[in-house]
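Report on the following structure.
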Amino acid sequence: MEQVRMSMKSHSFIEENRYRNVEVSKDKTRREAPTISQFMYFLIAPTLLYRDNYVRTNKVRWKLVVWYFLQVLFIMFCMFAISWRFVEHNFKWTGVKPFTIRQLAYLLLSGSLVGIQLKLFMFYGLLHCWLNGFAEMLRFGYREFYMDWWNCSDFVVFYRKWNFIVHLWLRAYVYDTSLYWNFIVHLWLRAYVYDTSLYYTSGNRDISALVVFILSAIIHEYILALAFGFFLPVLFISFAIVGVQGLDEQEFNE
């Protein structure tokens, strides 16, 4: 996960600064290159989009920082206890001896409940406590790390609101870039092949959104495959198949 996070930050830093040494006006003025302190702040700040300056709070509330990280430790303990009791204990005989239908049904039901509990713990511990703790220490002002995903009625909006900082990165560097190149292809096809006005007004944006879902699915599976040591495309199916089926461009562009 850290490898993916640093790769996303590096991509943002390069994209935002690759034209800084290019003359941008008639009077030959140039934008100054970012300083080391700006780069180091960006590396540890809870954001994936590079900016020279961020909104900052006036002071650090250290009691709140301690409270956030104490919650992270407590959540880590709870996740360990749940995993040991309901995952390791229940599945330690998998592949060793056959299961009965009753045992299989019990494992499926208990595994589903455990998975929901672990996901909620991970959400609260990582996207709320961990990110807010670092944001408070760094006086980072923008703290909309997630939105009201619990009120969502379809997968597309859920994926966008569940991890909002990743959504912003995907929107800035994948969706918009894909939309730009689709527009170039549209112009070429319209000039040399046939009229593609219908494709550009509808299918073009759907293709860009599809690229976002496929890339997100591949990255999630890459992280899990490295973490667990095996490949089981559960999240890939969830993102690339279930999510794409519910694709709604108006919801995606909100």
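So that you can scan it fast, the table gives a plain yes or no per residue for (1) modelled with pLDDT of 85 or more; (2) hydrophobic (A, V, I, L, M, F, W, C):
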{"position": "102", "(1), (2)": "no, no"}
{"position": "111", "(1), (2)": "no, no"}
{"position": "119", "(1), (2)": "yes, no"}
{"position": "123", "(1), (2)": "yes, yes"}
{"position": "127", "(1), (2)": "yes, yes"}
{"position": "138", "(1), (2)": "yes, yes"}
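So, residue 86, is that one modelled with pLDDT under 90, open to solvent by 50 Å² or more (accessible area, probe 1.4 Å) and more than 27 Å from residue 170 (Cβ to Cβ) or not? Considered against the rule, which asks whether it is modelled with pLDDT under 90, open to solvent by 50 Å² or more (accessible area, probe 1.4 Å) and more than 27 Å from residue 170 (Cβ to Cβ), residue 86 comes out as yes. Within the stretch 147-169, the set of residues being outside any helix (DSSP H, G or I) and crowded, with 19+ Cβ neighbours inside 10 Å comprises 163 only. Candidates 97, 119, 59: the one that is out of contact with any Leu (no Cβ under 8 Å at 6 or more places or on another chain), closer than 22 Å to residue 2 by Cα and basic (Lys, Arg) is 119.
Being at negative phi, assigned to a helix (DSSP H, G or I) and open to solvent by less than 100 Å² (accessible area, probe 1.4 Å) holds for only one residue in 104, 108, 73, and it is 104.
Based on this model, can you work out whether residue 66 counts as under 30 Å from residue 50 (Cβ atoms), surrounded by fewer than 16 Cβ atoms within 10 Å (Cβ to Cβ) and among the β-branched types (Val, Ile, Thr)?
yes
Scanning the stretch 199-222 for residues that are modelled with pLDDT of 60 or more and open to solvent by less than 40 Å² (accessible area, probe 1.4 Å) yields 204, 208, 209, 212, 213, 216, 217, 221. For residue 143, the conditions (1) among the basic types (Lys, Arg); (2) loosely packed, with under 14 Cβ neighbours inside 10 Å; (3) modelled with pLDDT of 85 or more all hold with the exception of (2). Looking across the stretch 31-81, the residues that are among the charged types (D, E, K, R) and touching a residue at least 40 places away in the same chain (Cβ under 8 Å) come down to 56, 59, 61. Screening residue 97 with (1) modelled with pLDDT under 85; (2) assigned to a helix (DSSP H, G or I) gives one miss only, at (2).
Quick one: would you say residue 31 is among the basic types (Lys, Arg), open to solvent by 40 Å² or more (accessible area, probe 1.4 Å) and at pLDDT below 90?
yes
The values are calculated or read from the model by the stated rules, or taken from the named source; none is laboratory data. Since this is a predicted model, take the numbers as computed values, not measurements. Please note: Cβ atoms are built from the backbone with ideal geometry, for glycine as well, and neighbour counts cover all protein chains shown. Quick note on the areas: whole protein, heavy atoms, side chains included, nothing else; ligands and nucleic acids left out. Shrake-Rupley method; radii C 1.70, N 1.55, O 1.52, S 1.80 Å.
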